[in-house]
1. Considering only residues that are at positive phi and modelled with pLDDT under 70, which ones fall in the stretch 1-37?
2. Go through the stretch 100-112 and give me each residue that's in contact with a Ser or Thr (Cβ under 7 Å, 6 or more places away or on another chain) and on the phi < 0 side of the Ramachandran plot.
3. Go through the stretch 92-150 and tell me which strands (runs of 3 or more DSSP E), entirely inside it, have 1 or more residues that are out of contact with any helix residue (DSSP H, G or I) (no Cβ under 9 Å at 6 or more places or on another chain) and open to solvent by 70 Å² or more (accessible area, probe 1.4 Å).
4. Got at least one residue in the stretch 56-63 being surrounded by 13 or more Cβ atoms within 10 Å (Cβ to Cβ) and at pLDDT below 65?
Amino acid sequence: MYTVASNCTGTGTPVGGSPFSIVVTSKGFLAVHPFAEGFAVKQAPPTCTNVGVTGSFGFETTGLFLAGARTTGWVAFIGELKLTVNPSGEGVIRGHIAGAEDSTTFAEEPVTGSYTVGTDCWGTATITPKGLSEMHFSFVVVGCGKELLAVRRTRTRLSAALW
């Protein structure tokens, strides 16, 4: 449950959760919680197919490796991903990313991968940086297909990403 005042500020309390504050903007809203923060982007009706979601996207993700991962500590990646569709209709990703995992950094590396977008505007993507393991993401298409909000998914960690 949430409320928003005429000045575009408000508060909310999720079922079983802690209260949070929100500020509504023309593109969505920013939510602030004592232990975390996040944002939402207004979803418009894009063409939610592989063909409908193409082009170059800036890419940034940050997060933490949790206990049980091959290392523990922070992780961050940044780069550009170009989404295209091959003649068979499959989503293809090419681009470059740079990043750091705990105390190990790596320079800009080429990446390749694939993506699939469902008609509900949810999708999955896999990218493989040269010399590194595959990275798997779940995403939602927002901003009339101009943006993707993504979460890196593995068994031991999640990282937020904005494409």
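1. G28
2. Taking the stretch 100-112 first, the residues in contact with a Ser or Thr (Cβ under 7 Å, 6 or more places away or on another chain) are 101-102, 111-112.
Those that are in contact with a Ser or Thr (Cβ under 7 Å, 6 or more places away or on another chain) and on the phi < 0 side of the Ramachandran plot: E101, V111, T112.
3. Numbers: elements: 104-117, 122-129, 135-142.
Once the strands (runs of 3 or more DSSP E) in the stretch 92-150 are filtered for at least 1 residues that are out of contact with any helix residue (DSSP H, G or I) (no Cβ under 9 Å at 6 or more places or on another chain) and open to solvent by 70 Å² or more (accessible area, probe 1.4 Å), what remains is 104-117, 122-129.
4. So far as the stretch 56-63 goes, no, none of its residues is surrounded by 13 or more Cβ atoms within 10 Å (Cβ to Cβ) and at pLDDT below 65.
The values are calculated or read from the model by the stated rules, or taken from the named source; none is laboratory data. This is a predicted model, so every value here is computed, not measured. Note: ideal-geometry Cβ built from the backbone for every residue, glycine included; neighbour counts use all protein chains shown. Just so you know, the surface numbers come from the protein's heavy atoms only, side chains and all, with ligands and any DNA or RNA stripped out. Shrake-Rupley method; radii C 1.70, N 1.55, O 1.52, S 1.80 Å.
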